[in-house]
Structure formats: structure tokens, C-alpha cells
Amino acid sequence: ILPELTDEFSKSVSDVETLEALRAEIRDALEQRAAAEARHQFGDRIIDFATANASVELPEVMIANEVEIMRDELRTRLAQQRIGLDQYLAMAKQSPEELTAELRGPATQRVKTLLVLSAIAEEEGIDATDTEIDAEIAGQLARYEDDGKLREYLTGRRGRSYLRMTLRNRKLVDTLIERALEPATTHPEQPQESD
């Protein structure tokens, strides 16, 4: 049974006083979410364009390292579901070597993206500061339940390096999006008269 849409209903489900205010609140939330999603998709398209048009030599050691990072990420996601990697491989009927082969393609793309974004960020002079990294660590520790391992990873060399790269790339993509969305400010030059 659907409730009657009245001001009383609005008060019971939100901090607003009227049904019209509730509708406006929901409309604003949906618009903000749609704008954030569109911005995210636009950022992905910028990254895809930059990497598709770049020719980069990919060091094998970086690809192998990225495969290990992706394996760690998978292990973490599985642990959140209380599943071990060996158990996952058994359910997927997959050997560790087959998992490595499966991860190699996405790992190669991630390395290429990382190298291209790093080169652009360096050219643009964009980097993450220690203060920004510390704030990100504090934010993540506040969001996630920590048994000590998360803090150890985030404050260690590898974790800080990963956060620096992530924050730098986020700042870079935001900069590129803002630049792409700016209206053209240049005007065609007027032809000059010759004497």
C-alpha cells in the first residue's frame, strides 16, 4: 500500500516541511548525481583518448607489478566477502596461471594509462602534496574498518606512493575536464593592414 503524498509524509521521511520541498530535494539530488556521473564518464573519455593516441613503451616489470596489484585488489574484494583467493580459483575452475593471464590485458592498459597520465601531469606541473595524501589517509581510515593492516599499508612507502598517484591523476583529470569545458576565449585575429 503506497502512502499518500502529503506534507506529513514529507516530514516523516525528510527534514523538509512540505511535499514540494521534498520533491525539490529529490530533484536536486538526482541532478547532482547525474552531473557527477556525466563528469566521470567525460573524464574516462579524456583518459581513453589520451592513451589511445599515445605510443608508449611498456616495461615488462611494470606490467608484472600491476598484475600483482590487481591480484591484491581481487584478494581484498574477496576477503570482504569472506572468500579466499584459492577458494575463488576453485569455484572459477581457474589456475593461478590462468588468473595471471586474464589479468595481463587489463594490467597492460592500466600501466599505459599510468605512464601517459604521469607524462601529462609532469608536463602540466600537477602533483599531490603530502598534506593532501595525509588527508586522504585520514579519510580512508575514517571510512573503513581498520584492523591495523590498512593503516600500515596506507602509511607505508607503497601505500603513500599509490595515493600520490591516485590523487595526482584525479587532479589532472579535473584540470583537463575544466579546460575542455571552458568556453573558447580566443578570438580570430583581425587582419592587419599593410602599408
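Of note:
- Taking the numbered list (1) surrounded by fewer than 15 Cβ atoms within 10 Å (Cβ to Cβ); (2) in contact with a helix residue (DSSP H, G or I) (Cβ under 7 Å, 6 or more places away or on another chain); (3) small (G, A, S) in turn, A142 passes all entries but (2).
- T131 meets each of the listed conditions (1) surrounded by 11 or more Cβ atoms within 10 Å (Cβ to Cβ); (2) closer than 22 Å to L172 by Cα apart from (1).
- Boolean, R82 is exposed (fewer than 11 other Cβ atoms within 10 Å of the Cβ), among the charged types (D, E, K, R) and on the phi > 0 side of the Ramachandran plot: yes
- Of all residues in segment 30-59, those being open to solvent by 100 Å² or more (accessible area, probe 1.4 Å) and of a type in the set (D, E, K, R) number 4.
- Evaluation of K171 against (1) within 26 Å of H40 (Cβ to Cβ); (2) surrounded by 10 or more Cβ atoms within 10 Å (Cβ to Cβ); (3) modelled with pLDDT under 85; (4) not β-branched (V, I, T) (one fails), failing number: (3)
- Residue within segment 100-109 that is under 30 Å from A52 (Cα atoms), open to solvent by 70 Å² or more (accessible area, probe 1.4 Å) and touching a helix residue (DSSP H, G or I) at 6+ places or on another chain (Cβ under 9 Å) present: yes
- Lone qualifier among E102, E73 - being more than 20 Å from M165 (Cβ to Cβ) and of a type in the set (D, E, K, R): E102
- Boolean, R27 is surrounded by 11 or more Cβ atoms within 10 Å (Cβ to Cβ) and either among the charged types (D, E, K, R) or under 24 Å from K149 (Cβ atoms) (or both): no
- Listed by position, the helices (runs of 4 or more DSSP H) contained in segment 1-114 that have at least 2 residues being of a type outside the set (K, R) and at pLDDT 90 or above are 19-52, 60-80, 85-92.
- Test result for D134, in contact (Cβ under 8 Å) with a residue 40 or more places away in the chain and among the charged types (D, E, K, R): no
- Filtering segment 31-58 to residues that are free of Cβ contacts under 8 Å to residues at least 60 places away in the same chain and under 13 Å from S118 (Cβ atoms) leaves only L58.
The values are calculated or read from the model by the stated rules, or taken from the named source; none is laboratory data. If you're wondering where the values come from, they're calculated on a predicted model, not measured in any experiment. Glycine also receives a Cβ, built like all others from the backbone with ideal geometry; neighbour counts cover every protein chain displayed. We work out accessible area using only protein heavy atoms, side chains counted, and drop any ligands, DNA or RNA first. Shrake-Rupley method; radii C 1.70, N 1.55, O 1.52, S 1.80 Å.
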